[in-house]
Each structure stands twice: as structure tokens, then as C-alpha cells.
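The numbers here are math on the coordinates, done by the rules we state, and not lab data. Remember, it's a predicted structure, so these values are computed and weren't measured experimentally. A quick note on method: Cβ atoms are made from the backbone with ideal geometry, for glycine too, and the neighbour counts reach across all protein chains shown.
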Amino acid sequence: MLEAAIWFWIPLILVPTGLWISISGKGKTLGKIIAALGLILVMASSWTVPSSDSTAAGHLLLSISAPTILLCYGIHGMIFGGNVPVGRLDSTARFSGYFAVLISLAIFCLMHWYNMTPLWRDGNINPYWIVFWPTFLLFATSLSAASALALISFGDNRLSEAIKLSILSVSMTGITLAGIIFDGYMTTAEEFQDYLWLATADILGTVIGSLLAIGAFAIVIWSYEKSLPLPESSLPPTEDEIKHVVSLAENHIGGEEE
């Protein structure tokens, strides 16, 4: 337990702590170093403390780090390689971004259906992988569809981007259906279905909980402001106050005499 605390849990705490220090502006470089060091120690925890079951999370992060970085690079190129007002990249960044996203999705598919599945102990599948993969597919499908709908509803001349997001959403749906129908390298289609339902419950629970939290916060603020007494009407200025204001105006506002 002490080794797990030193080599996994404390480094895990360093990641959000470093990000908070970096965002606060008090030490951006120091915060990034702390977060990066914590993340590296977490991903290396499967070697530093292999006896702990918690290190399966670090092993999964290490396993999906390459396609995740490639996916983030692709999304960045797709967004800022287009018609954006700030931080616009060269037009070739959009096409390289599309290619990077396709390659990253292909790697994830290979990790599910071929012998690239993350293995943890004694040749067994990483227990967090089968949780991550359906959740990722469902979240990506929902987010792409919602973004496409938002672009059509609120965007101006964004039909092309909405169509591309719709194609991405349909593609992710196709991968999800393939996971439901065909067995993976280390998991069956039935297991994928079970975890897909659990991922659906997790995402719906998160969305509903967030909406309830926002609603409760709004109700509290509205109730507090409603309970405040109405401000009293101020009395009209007296003659002395008017004379004082006029004297200030005469002293500070001048012009050329004719």
C-alpha cells in the first residue's frame, strides 16, 4: 500500500495539482513540469509497483497514449486549419488533421480486433480497456452528432463542417455496431454490449447530474437575489448640491472666449 501511494496515488494527485498551478498563472512552467512528471510516473506505475491493482489505469494510459496524442493533433489541425478568427494554421493542417484522426481510429480498432489489445497481467486483457473503448465510441458519436446539430442551428455558413461531423458520427456508430456484432481479439460481442450499456448509463448520469447541478445553482442564486430588499429611491439633489456640481463644472470645463 505504501509503494502504491508513493508511485501511483501521489503522482496521480500531482497531475491536477500541476494543471491548477499552470492555469492559475503563478508558475506556468513549474505547473507543467509537475503535471508531466506526475503523468509519467502514473504511466510507469505498472513497472514501479506491479503488485498494485490500481496500476492497470496507468498501463492503459500508456497503451493509448500514442493514438490519443495523434487524435488530439488531428482535431487541432481540423479545427484551426479552417476558417477560424484566431490561431489559424496553414490550410494543409486540415488535411493532415483528417489523416491523423483516421489513423488514430484505425489504431484503436486494431487494439480491439487484433493482437494489439492492451494486456496487463499473465496475458489477460487490461480491465480498464473494455470500459474505455465503448465509452470512447459512445461519447465520440454523441459529441459529433451534437456538434453537427449545433453548427446547423446556430452557425453561419457551416454546412460543410456539419456534414463532416455527421460523417464522423456515422463512422463511429458503424464501429460501435461492429463491436456489438463481431467478437474482439480478447473480448466477446456480448461483453462489449454489456459495457456499452454501462457506458450509456455513465454518460447519461453525468449529463443529468451536470444539468441538475446547474439548475440547483441557478435556483439558489435566483432565490437569494429575490430575497434581497428592493433599493430605496434616492432623494432629489438639494440646492447646495446643485450649486456644488455647477461650480465643479465651471472650474473643469472651459473653452476659448470669443
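List of remarks:
- When the chain is treated as a GNM with alpha-carbon contacts under 10 Å, the residue of 156, 240, 183 showing the greatest mean-square fluctuation is 240.
- A simple packing score, the average count of other Cβ atoms within 10 Å per residue, orders the peptides 190-202, 128-140, 101-113 as 128-140, 101-113, 190-202, with the highest score first.
- In plain terms, the chain from residue 194 to residue 115 could stretch by 26.2 nm, reckoned as 0.36 nm per residue minus the Cα-Cα distance.
- Among 169, 45, 96, the largest mean-square fluctuation in a Gaussian network model of the chain, built with springs joining Cα atoms closer than 10 Å, belongs to 96.
- Working from label points 7 Å from Cα in the Cα-to-Cβ sense, the residue 33 to residue 250 distance is 6.6 nm.
- With Cα atoms, 0 to 90° folded angle of helix 55-80 axis to the chain main axis: 60
- For the chain, the dipole from Cβ point charges (+1 on Lys and Arg, -1 on Asp and Glu) about the Cα centre works out to 1200 debye, to the nearest 20.
- Residue 185 long-range amide H proximity, modeled H, under 5 Å: 113, 114
- Gain on full extension, evaluated as 0.36 nm per residue between residue 228 and residue 17 minus their Cα-Cα distance, stands at 72.2 nm.
- Theoretical gain in end-to-end length, residue 212 to residue 167 [0.36 nm per residue, Cα-Cα removed]: 13.0 nm
- Contact order normalised by residue count of the range 53-225, Cα under 8 Å, 6+ apart, percent: 18
- Long-range HN-HN contacts of residue 119 with modeled amide H, under 5 Å: 126
- Each residue of the range 198-209 was assigned a 3J(HN,Hα) from its phi angle through the Karplus curve 6.51 cos²θ - 1.76 cosθ + 1.60 (θ = phi - 60°); the sequence is 5, 5, 4, 5, 5, 5, 5, x, 5, 5, 5, x Hz, with glycine and proline shown as x.
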